[in-house]
1. Quick one: how many residues across the range 101-130 are in contact with a Pro (Cβ under 8 Å, 6 or more places away or on another chain) and within 16 Å of ligand 1 (Cβ to nearest atom)?
2. When only residues in the range 180-207 that are within 21 Å of the chain's Cα centre (by Cα) and among the small types (G, A, S) count, which is least open to solvent (accessible area, probe 1.4 Å)?
3. Quick check: is even one residue across the range 53-62 over 28 Å from A134 (Cβ atoms), touching a residue at least 40 places away in the same chain (Cβ under 8 Å), part of a loop (DSSP other than H, G, I, E, B) and not charged (D, E, K, R)?
4. Name, by its number, the condition in (1) modelled with pLDDT of 95 or more; (2) of a type outside the set (G, A, S); (3) crowded, with 24+ Cβ neighbours inside 10 Å that does not hold for M73.
5. Evaluate the following for S221: is it on the phi < 0 side of the Ramachandran plot and at pLDDT below 95?
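The values are calculated or read from the model by the stated rules, or taken from the named source; none is laboratory data. All figures in this text were calculated on a predicted structure; none of them were measured in a lab. Every residue, glycine as well, gets a Cβ built from its backbone with ideal geometry; the counts of neighbours run over all protein chains shown. Areas reflect the complete protein model, heavy atoms only, side chains present, ligands, DNA and RNA absent. Shrake-Rupley method; radii C 1.70, N 1.55, O 1.52, S 1.80 Å.
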Amino acid sequence: MDNDTPMLVLGIETTCDETAAAVVERQSDGSGRILANIVRSQTSEHARFGGVVPEIAARAHVDLLDGIVAQAMKDANTGFAQLSAVAAAAGPGLIGGVIVGLTTAKAIALVNDKPLIAVNHLEAHALTARLTDATQFPYLLFLASGGHTQIVAVRGIGDYVRLGTTLDDAIGEAFDKTAKLLGLGYPGGPQVEREAARGDVTRFTLPRPMFGRPDADFSLSGLKTALRLEAEKIAPLSEKDVRDLCAAFQQAICDVIMDRLRAGLKIFRERFGTPSALVAAGGVAANQAIRKTLNRLAFEVGTTLIAPPLELCTDNGAMIAWAGAERLALGLTDPLDVAPRARWPLDEIAAAEGARKRTAAYK
Ligand code: KG4
Ligand code: ZN
């Protein structure tokens with residue numbers, strides 16, 4: 001295979017409650033194209049428990065994954081023999097699900113004699129903007145999902161510096177808990193957003209934790225407690241109460257994001273110069289009020305907001321396949337005995353690099 005031949009990578013995602021597989025093509029000029037992207041969300045299986053149940057998720061991945069891989073290969077009109085590599089999210093995430101996806105990828109790689117790439121799920125979120133918008137390094141990433149809230153300097157493949165994170169709840173988690181408290185369904189983000197849109201933002205005053213601090217960290221448990229206390233004061237809640245509380249909560253979150261990202265951008269500038277863009281990733285980026293906030297901030301600091309389409313912000317296989325392709329282009333592959341990881345901070349990737357093998361299979 002010469003270097004001008006496009007790479008074709010199968011990507012598998014099973015770290016949470018989406019079972020997903022995709023096939024992505026990467027050209028030698030660094031541009032990418034999604035050939036197939038199948039996502040099966042298990043939300044309905046978990047909804048009655050008010051959150052993801054790890055055991056149910058792992059079993060559902062076992063039931064669903066081979067059919068979803070087959071569908072992705074069919075949609076991409078390709079076969080395993082044509083693949084350049086097989087990539088799977090090897091963490092961080094719910095370990096039962098991670099084992100299912102990674103082991104499946106290992107089996108496909110072994111049987112078809114293809115290189116395996118064990119992708120960090122957060123790295124995949126971080127690199128999606130390069131697939132959708134060919135974003136150049138370095139850029140500032142704001143990753144906000146149900147499990148993660150991070151501000152990261154993305155300087156290159158495997159070169160990530162975490163500038164800020166949450167000391168307690170992730171932003172998506174705070175939305176989910178707020179929804180639960182107010183008797184709204186799961187997942188909470190979209191429901192809180194819907195209620196907030198019709199609420200009176202001025203009625204309740206909630207705190208803006210960490211406001212004005214020079215670091216870029218978040219803390220949301222105080223906000224959650226303040227909201228609970230306000231709700232308890234006026235219980236039982238009318239529909240209007242719920243709407244107004246949602247509006248106050250969402251506004252507080254937007255203000256906190258604005259402040260924490262301003263601090264993150266300042267640190268970025270001091271350490272790494274001007275970012276090429278502000279990139280949003282994770283399910284929370286689906287929120288229109290938050291997107292507006294990010295747009296305002298980008299405008300204020302003279303940079304561009306890159307927010308991939310919603311289906312690529314939430315968990316999917318294309319981001320795993322793309323991260324795999326980016327790594328493969330640098331010759332970074334993993335041995336078949338690579339371990340799944342429940343915990344795998346983004347900035348540990350660079351440190352692990354020395355231990356990685358260069359592949360002989362992709363020349
Ligand atoms: O990235 P994602 O699909 O899955 C992971 O957690 O990895 O993110 C899901 C999270 C959930 O907490 C959900 O409530 C939140 O993203 N979310 C939202 C919205 N849509 C999804 N949060 C606020 N507003 C939304 N519209
Ligand atoms: Zn995710």
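1. 5
2. In this case the residue turns out to be G188.
3. no
4. The number of the failed condition is (3).
5. yes
Each row is one residue, and each column tells you yes or no for (1) assigned to a helix (DSSP H, G or I); (2) not charged (D, E, K, R).
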site	(1), (2)
Y186	no, yes
G189	yes, yes
R194	yes, no
D200	no, no
P207	no, yes
M210	no, yes
A216	no, yes
G222	yes, yes
A226	yes, yes
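For (1) small (G, A, S); (2) in contact with a Lys or Arg (Cβ under 7 Å, 6 or more places away or on another chain); (3) open to solvent by less than 50 Å² (accessible area, probe 1.4 Å); (4) away from ligand 1 (no atom under 16 Å from the Cβ), each residue gets a yes or a no:
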residue	(1), (2), (3), (4)
A85	yes, yes, yes, yes
A134	yes, no, no, yes
Y139	no, no, yes, yes
G156	yes, no, yes, yes
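Residues are listed down the side, and each one gets a yes or a no for (1) open to solvent by 10 Å² or more (accessible area, probe 1.4 Å); (2) within 27 Å of P345 (Cα to Cα):
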site: L10; (1), (2): no, yes
site: V23; (1), (2): no, yes
site: V53; (1), (2): yes, yes
site: L64; (1), (2): yes, no
site: F80; (1), (2): yes, no
